[in-house]
Amino acid sequence: MSGPGTPDAGRADYCVIACAEAWRDSGELLASPMGLIPGIGARLARRTFAPDLLLTDGEAMLVGPDGEREGWLPYRQHLELVASGRRHVMMGASQLDRFGNQNISCIGDWRRPTRQLLGVRGGPVNTLNNPTSYWVPKHSRRVFVDRVDMVSGVGHDRAAAAGPSATRFHALRRVVTDLAVLDFDTPDRTMRLASLHPGVTVAEVRGATGFEPALPDEIPYTREPTDEELRLIREELDPAGLRHREVPA
């Protein structure tokens, strides 16, 4: 199915809104968006419905939505936030499976990979200690796979198998792509199609996914941006329109 959308809003604008919604009602929580559109989304959330959200410059400073310095966040304190679940990170993914296991390390057998990627990096710590979401700018079967080649970020099945020590802060919130929003609100904690961006059909999402996502009886569209949100995105947060390079209209 396809449906209406705000005439002036492009696909990238809906992606920004969907990313911003990941931090709704977060309170005083550190947002760690990785990527252009998640970064715009976090700043939009801070400017509108999540005023207590903490943002950083990626190094040691707390900043406001316009980049102005608001305080110092030493590395020691940053790690305390990470270890205590007071951070919500939105990462990228080279591969994701139905349980939310993420791969950013390599493609192929890890003992002799055909392609080396970033490495495991902070994936295990992020997913086991913080609320985690994912941003995928190109929804495809190359990313959404039946089984990841190597686990970097820990999914629901592996966290459950490891027991309470792994599930204490483990919380995969949402996956935002250029086609849709997916979550894990199912009995077996597998990926579910939560909303479609306007103009996208269920068949498109299923065709671009290497496993069958759970489908609720009614699938809403990603919510519309308000006039003020569109103004903020266009005039203050991304006046150069860089978001449209990542997700074309």
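The values are calculated or read from the model by the stated rules, or taken from the named source; none is laboratory data. Given the structure is predicted, the values throughout are model-derived calculations rather than measurements. In this analysis, Cβ positions are derived from the backbone assuming ideal geometry, glycine residues included, and neighbour counts consider all displayed protein chains. Keep in mind that these areas ignore ligands, DNA and RNA; they rest on the heavy atoms of the full protein, side chains included. Shrake-Rupley method; radii C 1.70, N 1.55, O 1.52, S 1.80 Å.
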Give the residue that is modelled with the lowest pLDDT, with candidates limited to residues of the range 4-30 that are surrounded by 13 or more Cβ atoms within 10 Å (Cβ to Cβ) and part of a loop (DSSP other than H, G, I, E, B). Gly5
Of these, Glu228, Glu224, which one is surrounded by fewer than 18 Cβ atoms within 10 Å (Cβ to Cβ), touching a Pro at 6+ places or on another chain (Cβ under 9 Å) and either under 20 Å from Cys19 (Cα atoms) or aromatic (Phe, Trp, Tyr) (or both)? Glu224
Exactly one of Pro198, Pro216, Pro239 is open to solvent by 70 Å² or more (accessible area, probe 1.4 Å) and assigned to a loop (DSSP other than H, G, I, E, B), and that one is Pro239
With the structure loaded, tell me whether Tyr134 is among the hydroxyl-bearing types (Ser, Thr, Tyr) and under 22 Å from Leu182 (Cβ atoms) or whether it fails that test. yes
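A quick yes/no check of all residues on (1) outside any loop (DSSP other than H, G, I, E, B); (2) in contact with a Phe, Trp or Tyr (Cβ under 7 Å, 6 or more places away or on another chain); (3) modelled with pLDDT of 95 or more:
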residue	(1), (2), (3)
Ser165	yes, no, no
Arg174	yes, no, yes
Ala194	yes, no, yes
Glu212	no, no, yes
Pro225	no, no, yes
Glu228	yes, no, yes
His244	yes, no, yes
Taking the range 35-81 as the search range and keeping residues that are more than 24 Å from Ala171 (Cβ to Cβ) and touching a strand residue (DSSP E or B) at 6+ places or on another chain (Cβ under 6 Å), which one is most open to solvent (accessible area, probe 1.4 Å)? Arg69
Looking only at the range 82-103, decide whether some residue is at pLDDT below 85, open to solvent by less than 40 Å² (accessible area, probe 1.4 Å), not in a loop (DSSP other than H, G, I, E, B) and not charged (D, E, K, R). yes
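Take the conditions polar (S, T, N, Q) and surrounded by 12 or more Cβ atoms within 10 Å (Cβ to Cβ) and apply them to Thr114. Does it pass?
On the way: polar (S, T, N, Q): yes; surrounded by 12 or more Cβ atoms within 10 Å (Cβ to Cβ): no.
So Thr114 does not fit the description; no.
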